[in-house]
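Right, one structure below, let's go through it.
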Amino acid sequence: MTRRIFVTLALGVSMLCVTAPISAQDTATPAPIDAKTKAEGLKNWAKVHEVFSHPRCASCHVADGRPMWMGNGDMKPIKHPMFVGGDPDNQTGQPGALCTSCHGPKSSQTEGGPPGADVWLLAPKEMVWFGRSSAQICAQIKDPERNGNRTLADISTHIREDELVHSGWKPSKGRDPAPYSIAQTAGFFTAWMNTGAPCPTESSSE
């Protein structure tokens, strides 16, 4: 009887040791962000949004597979001429009109020529940004189902290291680059992430 009680108690303690951390994790809630930290986070997000919404970035973040032409943001956006794309599930263009037919590994130095990168393709349709508000893009970038199944840390690395992303700062002749720099943008993103990644409200979005 004594041995049976000892074994039962031992098993009970063992189960508590295993389940207690899980229960604590399940019931834990994120610490609230104080007003000063939130304000700092929103300030950094505003700079990130300047980049994400710039023509060099937003033009290829579309829902219908048709990239946009916006010049330097000084013209009314139009669908890419030559009926490029059109299939939201195809990021590389259509047979006979692939993105790489015109977009080479480097941006053209011809006035208004096509930009380039080693790999040129549209963003997945789940990552549509064009025409969306700051609040919508912010919520989307935090959602793994709409950001390429990435963590925020992954996205910071993506900004720092992906050559297709970097093409936004190395456009063809006559096109304005994305604002700030690659390192600054990644820094703004990381700072926003480290302050709790707050999002603006819809009413305050640009």
Failed item in (1) touching a Cys at 6+ places or on another chain (Cβ under 8 Å); (2) part of a loop (DSSP other than H, G, I, E, B), with P81 passing the rest | (1)
Which condition number does C57 fail, the rest of (1) at pLDDT 70 or above; (2) assigned to a loop (DSSP other than H, G, I, E, B); (3) not charged (D, E, K, R) being met?
-> (2)
Quick check: is even one residue across segment 4-23 of a type outside the set (V, I, T), assigned to a helix (DSSP H, G or I), at pLDDT 90 or above and surrounded by fewer than 15 Cβ atoms within 10 Å (Cβ to Cβ)?
-> no
Go through A58, A117, A63 for me and flag whichever is of a type in the set (A, V, I, L, M), closer than 30 Å to E202 by Cβ, in contact (Cβ under 8 Å) with a residue 40 or more places away in the chain and out of contact with any strand residue (DSSP E or B) (no Cβ under 9 Å at 6 or more places or on another chain).
-> A63
Checked segment 129-157 for anything polar (S, T, N, Q) and assigned to a loop (DSSP other than H, G, I, E, B); matches are S133, N147, N149, T151
Restricting attention to segment 159-200, report how many residues are in a loop (DSSP other than H, G, I, E, B), of a type outside the set (V, I, T) and touching a residue at least 12 places away in the same chain (Cβ under 8 Å).
-> 17
Of the residues E126, E111, which is in contact (Cβ under 8 Å) with a residue 60 or more places away in the chain, among the acidic types (D, E) and either in a loop (DSSP other than H, G, I, E, B) or farther than 15 Å from H80 by Cβ (or both)?
-> E111
Give me the pairs: first residue in segment 42-55 and free of Cβ contacts under 8 Å to residues at least 60 places away in the same chain, second residue crowded, with 20+ Cβ neighbours inside 10 Å and assigned to a helix (DSSP H, G or I), beta-carbon distance under 8 Å, and six or more apart or on different chains, which are they?
-> none
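The values are calculated or read from the model by the stated rules, or taken from the named source; none is laboratory data. On a predicted model such as this, the values are computed, not experimentally measured, just so you know. Note that we place each Cβ from the backbone using ideal geometry, even for glycine, and neighbour counts take in every protein chain shown.
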